[in-house]
1. Which residue is nearest to the chain's Cα centre (by Cα), if the candidates are limited to region 50-90 and must be of a type in the set (Gly, Ala, Ser) and over 22 Å from Asp27 (Cβ atoms)?
2. Those residues that are over 15 Å from Ile56 (Cα atoms), open to solvent by less than 70 Å² (accessible area, probe 1.4 Å) and not in a strand (DSSP E or B), I need them from region 12-44; list them, please.
3. Looking at Ser35, Ser42, can you tell me which residue is of a type in the set (Ser, Thr, Tyr) and either farther than 19 Å from Ala13 by Cα or touching a helix residue (DSSP H, G or I) at 6+ places or on another chain (Cβ under 6 Å) (or both)?
4. Return the total of residues in region 45-56 being part of a loop (DSSP other than H, G, I, E, B) and either open to solvent by 20 Å² or more (accessible area, probe 1.4 Å) or among the basic types (Lys, Arg) (or both).
5. Which count do you get for residues in region 35-60 that are free of Cβ contacts under 8 Å to residues at least 12 places away in the same chain and more than 15 Å from Leu71 (Cα to Cα)?
Amino acid sequence: NTRTVTVEVTTPAKLLEGQLPRRRHIDYVNLDVESREIAILSVWPFDKYCVDVFNIENEPKAGDPSTLPQLIKLLKPHGYVHLKRVGVDEIFRRRSRCRRRRGVPPRTSPPPRARPRTAGSCSGGGR
């Protein structure tokens, strides 16, 4: 029993332009699209958007080769280096920092991270 489902698709350029119309710098992209990562990166608008870190799923179907060589071939010319594999993901980082373009507002700093508590620590006195 099969049924057809219609879904709307878009390109990375259209998606980013719609979501980030004035922004050209992206800190982190997690790309997990069930074996379509190469297709998406092949049309990624590298000329318009600078990404610091890509986290890309690389979990080919049983018997298929790893996509890592293709990922490196696609990303290296855009200034990315493969850092490591974490689980089923490949981590790529830009070799150089993204340059801020004129007319683009600066990034806001992320909120400070909470410090992890160690065993035996407590807040609010008592010990």
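1. Start the filter on region 50-90 by keeping residues that are of a type in the set (Gly, Ala, Ser), which leaves 62-63, 66, 79, 87.
Next, from what is left, pick out any that are over 22 Å from Asp27 (Cβ atoms): 62-63, 66.
Working: Ala62: 25, Gly63: 26, Ser66: 19 Å.
Of everything passing the filter in region 50-90, Ser66 is nearest to the chain's Cα centre (by Cα).
2. Scanning region 12-44 gives Ala13, Leu16, Gly18, Leu20, Arg24.
3. That would be Ser35, the only listed residue that is of a type in the set (Ser, Thr, Tyr) and either farther than 19 Å from Ala13 by Cα or touching a helix residue (DSSP H, G or I) at 6+ places or on another chain (Cβ under 6 Å) (or both).
4. The total comes to 3.
5. 1
One line per residue, one yes/no per condition, for (1) of a type in the set (Phe, Trp, Tyr); (2) over 14 Å from Glu37 (Cβ atoms); (3) open to solvent by less than 100 Å² (accessible area, probe 1.4 Å); (4) touching a strand residue (DSSP E or B) at 6+ places or on another chain (Cβ under 8 Å):
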{"site": "Asn58", "(1), (2), (3), (4)": "no, no, yes, yes"}
{"site": "Asp64", "(1), (2), (3), (4)": "no, no, yes, no"}
{"site": "Lys73", "(1), (2), (3), (4)": "no, no, no, no"}
{"site": "Pro77", "(1), (2), (3), (4)": "no, yes, no, no"}
{"site": "Lys84", "(1), (2), (3), (4)": "no, yes, no, yes"}
{"site": "Gly87", "(1), (2), (3), (4)": "no, yes, yes, no"}
{"site": "Phe92", "(1), (2), (3), (4)": "yes, no, yes, yes"}
{"site": "Arg95", "(1), (2), (3), (4)": "no, yes, no, yes"}
{"site": "Cys98", "(1), (2), (3), (4)": "no, yes, yes, yes"}
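The values are calculated or read from the model by the stated rules, or taken from the named source; none is laboratory data. Computed from a predicted structure; not experimentally measured. Quick reminder, even Gly has a Cβ in these numbers, built from the backbone with ideal geometry, and neighbours come from all protein chains shown. Note: areas computed on protein heavy atoms with side chains; ligands, DNA, RNA excluded. Shrake-Rupley method; radii C 1.70, N 1.55, O 1.52, S 1.80 Å.
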